[in-house]
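Here, each number is a calculation from the coordinates, and none is a lab measurement. Just so we're clear, the structure is a prediction, and the values are computed from it rather than from any experiment. Positions of Cβ are backbone-derived with ideal geometry, glycine not excepted, and every protein chain shown enters the neighbour counts.
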Amino acid sequence: MRTQEDFLNAAEAIVFDRDYRKKITDNIAKYDSAFQKGLHQYSNLELARERAAFIKWKVIENLDKYLIEFEASVVRRGGKVIWAHDVVTAQNEIEQIIKRTQAKTIVKSKTMVGEELQLNDFLRKKGLTVYETDLGEFIVDQAGEAPFHIVTPAMHKSRSDIAQLLNEKIGSSLDAEAEELSNDVRNELRDKFLHADIGITGANFLIADSGMVSITENEGNARLSFTFAKTHIVIAGIEKVIPTINDLDLFYPMLATYGTGQKITAYNTIVGPRNADDDEISGDFFVVLIDNGRSNLLAQGEQRQALGCIKCGACLNVCPVFKNIGGHTYGSVYTGPVGSVTTPHTNGIDEFKHLSFASPLCGKCTDVCPVKIDLHNHLVRNRRDIINAGTAKSGEKIMWFTWKKMMLSRNTLNKGNSVKNFMLKQFFKVSWGERRELPKLAEKSFNHLWRERFGQ
Ligand code: SF4
């Protein structure tokens, strides 16, 4: 976990790294142009966003009902649902399944919930072999890093960074182009799919009325992860539920367009427990439903709207803070504007309250969100709640008390600018940083000038 000090130090270190900024700017520019093209598929984008926002709102406001319905549907089809209140419960439940099935090898597809559970570390410490099968996840896993971005985990790496890494790990050529590198990884993993005992995947949507799980991806690795393995474990946050399969006609293109600029993602799979007369779907089927602080967020009357996030990553891509400090600086699994709204509630106000202040409140995140989450205003609401909870440091309280007194005093405001510049420097010494020069206040205040001109 990061404290505010860790966060500021990490941000300071990365923000002046030109090489890093170039990689991020290039990668986000590619996303931007694909995204703008992708938007053309909508004849009425606003209507689609309103419908999506409404469905998500309805689900979050009735989450208890939809989750019970989902569980009943999974059980009816022969699967099992496990409720995990926190990380330890989820880890233990997954370990029990592994022990029961005597599994040794696991293939895993991209899942941010897996990051929450620190599942790779946990399973490897238990002596199990785990392969990340999504290309981006494979890369960051090999590098010993966390995903940088919720959609594109290796966004912070250039082609040559990846070639260098894969050269060391799997013998790729240093001159290999992107396609060659992904073929190398594919060849490395092909065999693993065939021999894995368990496939672990995330879920993009949990379909309440049918007990099925929808997974969207571009590489086909998630589908392969559960096709050959005898046991399929789905790990998903409780907020992933949607009412019916019909809702996917809206969410599939929306997630694809806002996530990567595609009209629709390449592979869209709907999977569930094996049906008695359906031999094509394999083995045991478990869904581990993770709370891990989501109930705390649900308890927030206003900010709970953020549980409707479909994890498209669009708000990260437009956020000036994310673009400057990058995903790793946040020290949380979910980053960017949405992570800054949710993490203080899910992971603890004390440790993560500073994230709510890591925003210029420009509102670009709110403008872009496909499910119309009021992100920048939720950040303000978080700030309000943090202040009301009395968690601000006493030095900060004194500072703002003094600031308010000064701003409400005409005499102080009309004082000479040397006093005001000195005070300004004291107030913003830390937050302004050492590398920027504070602007100097004008010699005379507006009130002074007005009086000189109009004499009143
Ligand atoms: S908050 Fe909205 S824009 Fe951000 S990741 Fe979630 S759905 Fe996408």
* How big is D, in µm² s⁻¹, for the stretch 41-292 by Stokes-Einstein at 37 °C and 0.692 mPa s if Rh is the Kirkwood radius over C-alpha pairs? -> 173 µm²/s
* **Angle in degrees between helix 63-76 and the longest Cα principal axis of the chain, rounded to the nearest 10** => 10 degrees
* **the stretch 243-336: trypsin sites (Lys or Arg not before Pro) in DSSP loop, at most 14 other beta carbons within 10 Å** => K263
* Asked: What order do you get for H328, H378, H354 when you list them from fewest to most C-beta neighbours inside 10 Å?
  -> H328, H354, H378
* Asked: Mean separation of Cα pairs under 8 Å and 6+ residues apart, divided by the residue count of the stretch 276-410: what relative contact order is that in percent?
  -> 23 percent
* To do: Could you pull the Rg and Dmax for the stretch 34-111, using just the Cα atoms, both in Å?
  => 19.1, 52
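P(r) tail for the chain, what percent of Cα pairs lie past 38 Å?
Roughly 30 percent, once rounded to a whole number.
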* Asked: Scaled to the compact-protein estimate 2.2 N^0.38 Å, what is the alpha-carbon radius of gyration of the stretch 338-451, rounded to two decimal places?
  -> 1.34
* Average Cα contact separation per residue, the stretch 394-454, under 8 Å, 6 or more apart, as relative contact order % -> 35 percent
* To do: Bin width 10 Å, alpha-carbon pairs only: give the P(r) of the stretch 265-397 as whole percents, running from 0 to the bin holding the largest distance.
  => 11, 36, 27, 14, 8, 2, 0
* **Antiparallel bridges, percent of DSSP beta bridges restricted to the chain (to nearest 5)** => 25 percent
* Asked: What angle, in degrees between 0 and 90 and rounded to the nearest 10, separates the Cα long axis of helix 336-347 from the longest principal axis of the Cα atoms of the chain?
  -> 80 degrees
* Compute the semi-axes of the equivalent ellipsoid of the stretch 394-454, taking the square root of 5 times each eigenvalue of the Cα gyration tensor, and list them largest first in whole Å. => 24, 16, 7
* Structure fact -> Rounded to the nearest 10, the angle in degrees between the Cα long axis of helix 45-61 and the longest principal axis of the Cα atoms of the chain comes to 80 degrees
* Structure fact -> Expressed in angstrom and rounded, the centroid-to-centroid distance over alpha carbons for the stretch 152-183 and the stretch 380-456 is 50 Å
* To do: Give me the lysines in straight-line cross-link reach of K240: C-alpha distance below 24 Å, same-chain residues under 8 apart excluded.
  => K56, K58, K65, K80, K108, K110, K263, K311, K372
